[in-house]
Amino acid sequence: MAGRVQDKVVLVTGAGGGLGRGFCRSLAAEGAIVVATDRDLRLAEAAAAEANGTALPLDVTEDGAWAAAIAAVTERFGRLDGLVNNAGVAILKSIEETTLADWRLTIGVNLDGVFLGCKHAIGLMKATGGSIVNVSSVSGLIGGHNLAAYNASKGGVRLLTKSVALHCARAGYGIRCNSVHPSFVDTPMVDAMIAGTDDPERARQRLVRQVPLGRIATPEDIAPLVLYLLSDESRFVTGSEMVVDGGVTAG
Ligand SMILES: NC(=O)c1ccc[n+]([C@@H]2O[C@H](COP(=O)([O-])OP(=O)(O)OC[C@H]3O[C@@H](n4cnc5c(N)ncnc54)[C@H](O)[C@@H]3O)[C@@H](O)[C@H]2O)c1
């Protein structure tokens, strides 16, 4: 039986992290041809191995690296049906604590990276159409006292997504673009945040208490939404901000 994204060529950035690996696995299980990319090639290779896919090195902040990755996809597959702009970094600091270097790193990966990804992918995708999924966060919808740069980057992704969606619709490219907004997910990113606190167990419990559904998500809780947006089931969905947060932003 054909999968929900059968034979679609899908590139995932930051594929070696917790969410990226989960996305690659679920895409492969539904028939996609996965191109797993990461700044760290060994992590990309591990993700590709689980998804029977291809690994490429890609630092999303580098224009030239994007050009090389898209050229490799063009040469190997001749088309790109899906892009998941997933690579991201988080620094837990208030506006007063955030240095200019923190700000530039966060905006560089989380916002410049998504900008470059959309720009480069559209060049190839517009020949055949496709779907771009930008991984934002609940932090792109609501603020946090210690998330100054992260909030700014993820809020930027939310509205950049809408501009890309409207441009592609107007141009008649057949490219859709949507953002997804998870709350806390059990990945190395959250592990690092918790590990950096005085009392990691209490910090974890504090996160759990913020989630009406009473737990931290797993990558498998988020992957079905990304799968949906990459599949043709979402053919009339573009410019949307899709929340998958256990109820965090409902109250
Ligand atoms: N984990 C959460 O609670 C959570 C919640 C909401 C949104 N998100 C978002 O989901 C995405 C994935 O997060 P995760 O939790 O899997 O994080 P993670 O730290 O587990 O993985 C991030 C991956 O991105 C890669 N990366 C970092 N900088 C890069 C760069 N410049 N170029 C290419 N790759 C780079 C890392 O090597 C790593 O493999 C991020 O955009 C994050 O902001 C995460």
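Rule-based calculations on the coordinates, nothing more; no lab input. Not measured: the values here are computed from a predicted model. Cβ: placed from backbone, ideal geometry, glycine included. Neighbour counts: every protein chain shown.
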### Query
Which value, in nm² and rounded to one decimal, describes the direction-averaged projected area of the C-alpha convex hull of region 32-75?
2.9 nm²
### Query
Taking residue 93 as the anchor, which lysines have their alpha carbon closer than 22 Å to its alpha carbon, excluding any fewer than eight residues away along the same chain?
154
### Query
Dividing the Cα convex hull volume of region 94-251 by residue count, how many Å³ per residue is that?
120 Å³
### Query
Any idea which of 1, 88, 137 is furthest toward the positive side of the dipole for the chain, if Lys and Arg beta-carbons carry +1 and Asp and Glu beta-carbons -1?
1
### Task
Working from the alpha-carbon coordinates of region 104-179, get Rg over Rh, Rh being the Kirkwood radius.
1.03
### Task
Mind computing the radius of gyration and Dmax over the alpha-carbon atoms of region 1-97? Å is fine for both.
14.1, 55
### Task
Pull up all non-local amide H partners of residue 56: gap of 5 or more, or a different chain, and H-to-H distance under 5 Å with H placed in the peptide plane.
36, 37, 38
### Query
Given springs between every Cα pair under 10 Å in a Gaussian network model of the chain, which of 195, 67, 217 has the largest fluctuation?
195
## Note on the structure
Projecting the Cα atoms of 219, 66, 177 onto the charge dipole of the chain, where Lys and Arg contribute +1 and Asp and Glu -1 at Cβ, the residue farthest towards the positive end is 177
### Query
If you build the Cα gyration tensor of region 153-192 and take the root of 5 times each eigenvalue, what three semi-axes come out, in whole angstrom, biggest first?
29, 10, 7
### Query
Which residue fluctuates the most in the chain, going by a Gaussian network model with Cα springs under 10 Å, if the choices are 180, 12, 211?
211
### Task
Assign unit charges at the C-beta atoms only (+1 for Lys and Arg, -1 for Asp and Glu), then state the dipole size of region 1-98 relative to its Cα centre in Debye, rounded to the nearest 20.
340 debye
#### Entry: Kirkwood Rh and Cα Rg combined as Rg over Rh, evaluated for region 150-224
1.13
### Task
Search the structure for amide H atoms under 5 Å from the amide H of residue 242, placed 1.01 Å from N in the peptide plane, and list their residues when 5 or more places away or on another chain.
179, 180, 181
### Message
Helix 113-125 against the longest principal axis of the chain: what's the angle in degrees, Cα atoms only, rounded to the nearest 10?
### Response
10 degrees
### Message
Can you return the lysines within cross-link range of residue 8? Criterion is Cα-Cα under 25 Å, with same-chain partners fewer than 8 residues away left out.
### Response
119, 126, 162
### Message
Starting from 0.36 nm per residue, how many nanometres of slack lie between residue 167 and residue 250 once their C-alpha separation is accounted for?
### Response
26.9 nm
